[in-house]
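Engineer: Sharing a structure with you now.
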Amino acid sequence: MTAQSPDAAKASWQGVDEGWGREAVEFATLSEPSNCREYVWLHHRLGVGRADRLLDVACGAGLAIELARLRGAACAGIDASSRLVAVARDRNPEADVRVGDMNALPWDDGSFDLVTSFRGIWGTTPGAVAEVRRVLRPGGRFGFTVWGHLKASPGSWALAPFRLAAEPKVANQAAMVALGRPGVGEALLADTGFVDVERYEVPFVWEFADPEAYARALASTGPAYEAIEAVGADEFHRHAVEVAQAVVRTGLPLRAEIAVVAFLARTPAAVSSESTFLPLPELNERVQGMYDDDMAEHGFVMNVSRLWGHLPDVRQALFDLLGQTGRIADLSMRQRGILITACASTLGDSYCSLAWGERLANEAGPGVAAGVLRGDDTELDAAEQALARWARAVAGDPNSTGAADVHSLREAGYDDAQILAITVFVALRLAFSSVNDALGASPDAGFATAVPAQVRQAVDYGRAIERPLST
């Protein structure tokens, strides 16, 4: 894949307005709305949300920016067409939308949390990917779409009029969509320094009321301009109407399902891991064993494992004590979950609240787990309520406890040795949570999808879930 020379690239982007900008209003109102499925899908997969600083590259008329703003993101955009940018600014008066070259983005290094582009970065513009990496912060997310296997698409008929362009233009169009071929986009991202590269098929459909509406919408696009240059506007319109008439369905819109591919990737995190305040530990056999255990159980390496990888023997000793006291107290997994979620929520520890909220949800249901996290024990039996009250007292103010509190545990059926073991168990969990919180362990991105929604909604305290690459 050969990049254009700087002079050729400049001439190329400055000429974009001739093709895409000449019918900016037509494109914005007749053509672009059909792209909403693509926009919403990628925003959802990237987890676009509040406090995200988002840049949309080749933003066109700014509909994708508008949708990202509705999710709470602070947005910027860039496009080579001044007339499309005028529409984008009208739609997004609070966004920083600029006319410019995506191969030379006018923002400082690390300016954005995530970057999107919707069929705006091509096989002929690989330099734009390097620029995206530059303006993303360490650990920032990148998602972009390209055309997929067009010939195999049931809606490929909708693209047929573009082939009326002169042969060199048609050949260039083929080179532009090369990123969608298997392995090509992945290789470009990896070569540019991105990690965690993922490829997805994106739901994409063009819909039109009738052949005339289709021909008018298609004529507002850049590739149509190249065809119109070759055959004229009237012939392009006639041919487009003829193509569409062959697929008319009575009582239904014209519908063209076309293959679109999305790539999601991330810039490498800073040497000092964002998941904790400490850098990643040196990898050795013990640390690798912890990571392997996490992968087997959770499908990802937990941030607390990266933190405790600096002292794996201490972590193991702590867990051994927890296991010993849990056995002495004869605690079931459900009872452990009640103690730990009541303790963690009282402390304000989001990490253990989410991790053990998920476990308790598996044992007792999401409603029970969410209730304990919120301090509502109505769905627990009397013995379980005694455990939750005791855990909150030990975590909140151990000097406030009295003999009556201990007696309630005896009434629940626990003997003195078990009561001591339960108290040690809670105190050890407090120690674990306190270390994690003090050293900045963020709840893992995997919690965003693994933890039931009721549990996630109950944990409105502590450190936020690490921003996922995709949700």
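The values are calculated or read from the model by the stated rules, or taken from the named source; none is laboratory data. Predicted, not measured: the structure shown is a model, and the values here were computed from it. Virtual Cβ from ideal backbone geometry, glycine too; neighbours counted across all protein chains shown. These accessible areas exclude ligands, DNA and RNA; they are computed on the full protein's heavy atoms, side chains included. Shrake-Rupley method; radii C 1.70, N 1.55, O 1.52, S 1.80 Å.
Engineer: Would you confirm, using the coordinates I've provided, whether GLU66 is charged (D, E, K, R) and modelled with pLDDT under 95? Step through it out loud before you land on a result.
Structural biologist: Values: charged (D, E, K, R): yes; modelled with pLDDT under 95: no.
So GLU66 fails the test.
Engineer: Please give the helices (runs of 4 or more DSSP H) falling wholly within segment 319-386 in which 2 or more residues are free of Cβ contacts under 8 Å to residues at least 12 places away in the same chain and open to solvent by less than 10 Å² (accessible area, probe 1.4 Å).
Structural biologist: Working: elements: 333-347, 350-364, 366-374.
By residue number, no helices (runs of 4 or more DSSP H) qualify.
Engineer: Quick check on my filter: what residues within segment 308-318 are open to solvent by 70 Å² or more (accessible area, probe 1.4 Å) and in contact with a Phe, Trp or Tyr (Cβ under 6 Å, 6 or more places away or on another chain)? Explain how you work it out, then say what you get.
Structural biologist: Quick first cut of segment 308-318, residues open to solvent by 70 Å² or more (accessible area, probe 1.4 Å) only: 310-311, 313-314, 316.
Result: no residue meets the conditions.
Engineer: Just give me the residues in segment 164-184 being modelled with pLDDT under 85 and either hydroxyl-bearing (Ser, Thr, Tyr) or touching a strand residue (DSSP E or B) at 6+ places or on another chain (Cβ under 7 Å) (or both), in sequence order.
Structural biologist: VAL177
Engineer: Report yes if GLY222 is within 21 Å of GLU23 (Cα to Cα) and more than 33 Å from the chain's Cα centre (by Cα), otherwise no. Steps first, answer last, please.
Structural biologist: Values: within 21 Å of GLU23 (Cα to Cα): yes; more than 33 Å from the chain's Cα centre (by Cα): no.
When the stated conditions are applied, GLY222 does not pass them.
Engineer: Let me ask something else. I'd like to check something: does segment 231-239 contain any residue that is free of Cβ contacts under 8 Å to residues at least 60 places away in the same chain and open to solvent by 80 Å² or more (accessible area, probe 1.4 Å)?
Structural biologist: The first filter runs over segment 231-239 and keeps only residues free of Cβ contacts under 8 Å to residues at least 60 places away in the same chain, leaving 232-234, 237-238.
Within this subset, residues satisfying the condition of being open to solvent by 80 Å² or more (accessible area, probe 1.4 Å) are 234, 238.
Taking every residue of segment 231-239 in turn, at least one turns out to be free of Cβ contacts under 8 Å to residues at least 60 places away in the same chain and open to solvent by 80 Å² or more (accessible area, probe 1.4 Å).
Engineer: Using beta carbons and a limit of 9 Å, which pairs, at least six apart or on different chains, have the first residue in segment 210-221 and open to solvent by less than 20 Å² (accessible area, probe 1.4 Å) and the second one part of a loop (DSSP other than H, G, I, E, B) and at pLDDT below 95?
Structural biologist: Pairs that qualify, where the first residue is open to solvent by less than 20 Å² (accessible area, probe 1.4 Å) and the partner is part of a loop (DSSP other than H, G, I, E, B) and at pLDDT below 95, are SER220/ARG22; SER220/GLU23; THR221/GLU23.
Engineer: Only one of ALA104, ALA130, ALA95, ALA152 is open to solvent by 10 Å² or more (accessible area, probe 1.4 Å) and either in contact with a Cys (Cβ under 8 Å, 6 or more places away or on another chain) or on the phi > 0 side of the Ramachandran plot (or both). Can you tell me which?
Structural biologist: Working: ALA104 fails: either in contact with a Cys (Cβ under 8 Å, 6 or more places away or on another chain) or on the phi > 0 side of the Ramachandran plot (or both); ALA130 fails: either in contact with a Cys (Cβ under 8 Å, 6 or more places away or on another chain) or on the phi > 0 side of the Ramachandran plot (or both); ALA152 fails: either in contact with a Cys (Cβ under 8 Å, 6 or more places away or on another chain) or on the phi > 0 side of the Ramachandran plot (or both).
Unique residue meeting the criteria: ALA95.
Engineer: Another question, if that's okay. Would you check if VAL406 is part of a helix (DSSP H, G or I), open to solvent by 30 Å² or more (accessible area, probe 1.4 Å), in contact (Cβ under 8 Å) with a residue 40 or more places away in the chain and of a type in the set (Val, Ile, Thr)? Walk me through it before giving the result.
Structural biologist: On the way: part of a helix (DSSP H, G or I): yes; open to solvent by 30 Å² or more (accessible area, probe 1.4 Å): yes; in contact (Cβ under 8 Å) with a residue 40 or more places away in the chain: no; of a type in the set (Val, Ile, Thr): yes.
The answer is no for VAL406.
Engineer: Go through (1) in a loop (DSSP other than H, G, I, E, B); (2) open to solvent by less than 10 Å² (accessible area, probe 1.4 Å); (3) in contact with an Asp or Glu (Cβ under 7 Å, 6 or more places away or on another chain) and name the single condition GLY123 misses.
Structural biologist: (3)
Engineer: Does ASP113 meet the test of being in contact (Cβ under 8 Å) with a residue 60 or more places away in the chain and either in contact with a Gly (Cβ under 9 Å, 6 or more places away or on another chain) or surrounded by fewer than 24 Cβ atoms within 10 Å (Cβ to Cβ) (or both)? Working first, answer last.
Structural biologist: Numbers: in contact (Cβ under 8 Å) with a residue 60 or more places away in the chain: yes; either in contact with a Gly (Cβ under 9 Å, 6 or more places away or on another chain) or surrounded by fewer than 24 Cβ atoms within 10 Å (Cβ to Cβ) (or both): yes.
The answer is yes for ASP113.
Engineer: In segment 58-103, what count of residues is obtained for those that are out of contact with any helix residue (DSSP H, G or I) (no Cβ under 7 Å at 6 or more places or on another chain) and closer than 16 Å to LEU114 by Cβ?
Structural biologist: 9
Engineer: Then there is this: Evaluate segment 191-201: report whether one residue or more is open to solvent by 30 Å² or more (accessible area, probe 1.4 Å), hydroxyl-bearing (Ser, Thr, Tyr) and not in a loop (DSSP other than H, G, I, E, B).
Structural biologist: yes
Engineer: Another question, if that's okay. I'd like to verify a number: residues in segment 10-29 that are open to solvent by 50 Å² or more (accessible area, probe 1.4 Å), at pLDDT below 95 and part of a helix (DSSP H, G or I), how many? Step through it out loud before you land on a result.
Structural biologist: Looking only at segment 10-29, we keep the residues that are open to solvent by 50 Å² or more (accessible area, probe 1.4 Å), and these are 10-14, 18, 20, 22-23, 25, 29.
Narrowing the set further to residues that are at pLDDT below 95 leaves 10-14, 18, 20, 22-23.
Keeping just the survivors that are part of a helix (DSSP H, G or I) gives 10-14, 18, 20.
Qualifying residue count for the region: 7.
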